[in-house]
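Have a look at the structure below before the remarks.
The values are calculated or read from the model by the stated rules, or taken from the named source; none is laboratory data. Just so we're clear, the structure is a prediction, and the values are computed from it rather than from any experiment. Here the Cβ positions follow ideal geometry from the backbone for every residue, glycine too, while neighbour counts run over all protein chains shown. The protein model used for the area step is the full one, side chains on, heavy atoms only, and it has no ligands, DNA or RNA in it. Shrake-Rupley method; radii C 1.70, N 1.55, O 1.52, S 1.80 Å.
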Amino acid sequence: MSTTGLPPAADADLARVTEALHMITPRWNVRILLALNEPPQRYTQIADKLPYLHSGQLHPKIRSLCDAGLVERTEHSTRHVTYGLTRRGRQLLPVLPVIAAWAEEYLEQPEQPLSAIEQVEDCLTLLTRRQAVAILWVLKARQEASARVLAGFVMPGSYWTSIYPPLRQLIDDGLVVTAGSGQPYRLSPGGDGLGHVFGALSMWAAGRPVDHAARHPLWGRTEPSAMTAPRTWVSHPSRLPDPTAPPAPAVQTQPARRPAWQHGDLFSHAIPVGPKAAPAMGGARR
């Protein structure tokens, strides 16, 4: 069933990408997937890698990832159950460095550097805002469009002024620009740069290799360096504190050392817990 006014093939592709985003965006899901990126483990082993999650939080998250087909539960006996990534879950992991590369280039950075995982989480939050992906998709296809035209594609059957709240949010996030009231809307450089992310998600959702993202009929282009060469990331403790830990000492004001780490380190097992840094959700750089 059509969800937008786009042609059927484009509408189906957009729906698959939106579904993929909603699988991985819920809080902690990316971290759980990364913790499972090794041979199947018992529940207690997974919990040890995610000490900031209470058992009551972790179990339903793993169950939802099993329901999504990204994680599989294997019952060896009544007392021996393991969890591991499915083939689809493993195929999704190469998308994460692509998302992190976009976030590092376009998202506003806080004073204290963020880890690649946190950059991924911030990007996913932007992309799962209401109607965000559909609006970006239409603007990419048309180059520019008025609010009324956008509403006709994105919200067919709804009153056209309903498009303004999500449009204003995308402008605040730095993904869409306009010259002023009554002027058409178009993608910002950050919004256009999401082509690498959408292309990779589309290929994964269609069961095709992620490195075919450049072949996407709408978002395809020269592959980003994140998919063709090693890239240096910034490692930093999680902004999300351990709920049982004592208050952390104040963050030092001097610049933090920036240890380099490579693609493989995005999938490290342990995620350190530390002081909460200012979030990077101010939107993409203009």
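Here's the yes/no breakdown for (1) open to solvent by 40 Å² or more (accessible area, probe 1.4 Å); (2) under 30 Å from Gly193 (Cβ atoms); (3) polar (S, T, N, Q); (4) touching a Gly at 6+ places or on another chain (Cβ under 6 Å):
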{"site": "His54", "(1), (2), (3), (4)": "yes, no, no, no"}
{"site": "His59", "(1), (2), (3), (4)": "yes, no, no, no"}
{"site": "Glu75", "(1), (2), (3), (4)": "yes, no, no, no"}
{"site": "Gly89", "(1), (2), (3), (4)": "no, yes, no, no"}
{"site": "Ala100", "(1), (2), (3), (4)": "no, yes, no, no"}
{"site": "Glu105", "(1), (2), (3), (4)": "yes, yes, no, no"}
{"site": "Gln112", "(1), (2), (3), (4)": "no, yes, yes, no"}
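With respect to Arg63, is the statement that it is among the basic types (Lys, Arg), at negative phi, open to solvent by 50 Å² or more (accessible area, probe 1.4 Å) and within 23 Å of the chain's Cα centre (by Cα) true? Step through it out loud before you land on a result.
Working: among the basic types (Lys, Arg): yes; at negative phi: yes; open to solvent by 50 Å² or more (accessible area, probe 1.4 Å): yes; within 23 Å of the chain's Cα centre (by Cα): yes.
Yes, satisfied.
Condition (residue is in a loop (DSSP other than H, G, I, E, B), modelled with pLDDT of 50 or more and among the hydroxyl-bearing types (Ser, Thr, Tyr)) applied to the range 189-202: is it met by at least one residue?
Taking every residue of the range 189-202 in turn, none turns out to be in a loop (DSSP other than H, G, I, E, B), modelled with pLDDT of 50 or more and among the hydroxyl-bearing types (Ser, Thr, Tyr).
Looking at the range 137-158, can you tell me whether even one residue there is assigned to a loop (DSSP other than H, G, I, E, B) and without any contact (Cβ under 8 Å) to a residue 24 or more places away in the chain?
So the first thing to find is which residues in the range 137-158 are assigned to a loop (DSSP other than H, G, I, E, B), and the list is 143, 146, 155-158.
The next check asks that each one be without any contact (Cβ under 8 Å) to a residue 24 or more places away in the chain; those that pass are 157-158.
Within the range 137-158 (the criterion being assigned to a loop (DSSP other than H, G, I, E, B) and without any contact (Cβ under 8 Å) to a residue 24 or more places away in the chain), the answer is yes, since at least one residue qualifies.
Inspect the range 225-233 for any residue being open to solvent by less than 40 Å² (accessible area, probe 1.4 Å), in a strand (DSSP E or B) and modelled with pLDDT under 95 and give the result as yes or no.
The answer is yes; a qualifying residue exists.
Could you tell me whether the range 118-133 includes any residue that is among the hydroxyl-bearing types (Ser, Thr, Tyr), open to solvent by 10 Å² or more (accessible area, probe 1.4 Å) and under 30 Å from Ile163 (Cβ atoms)?
Yes, that holds for at least one residue.
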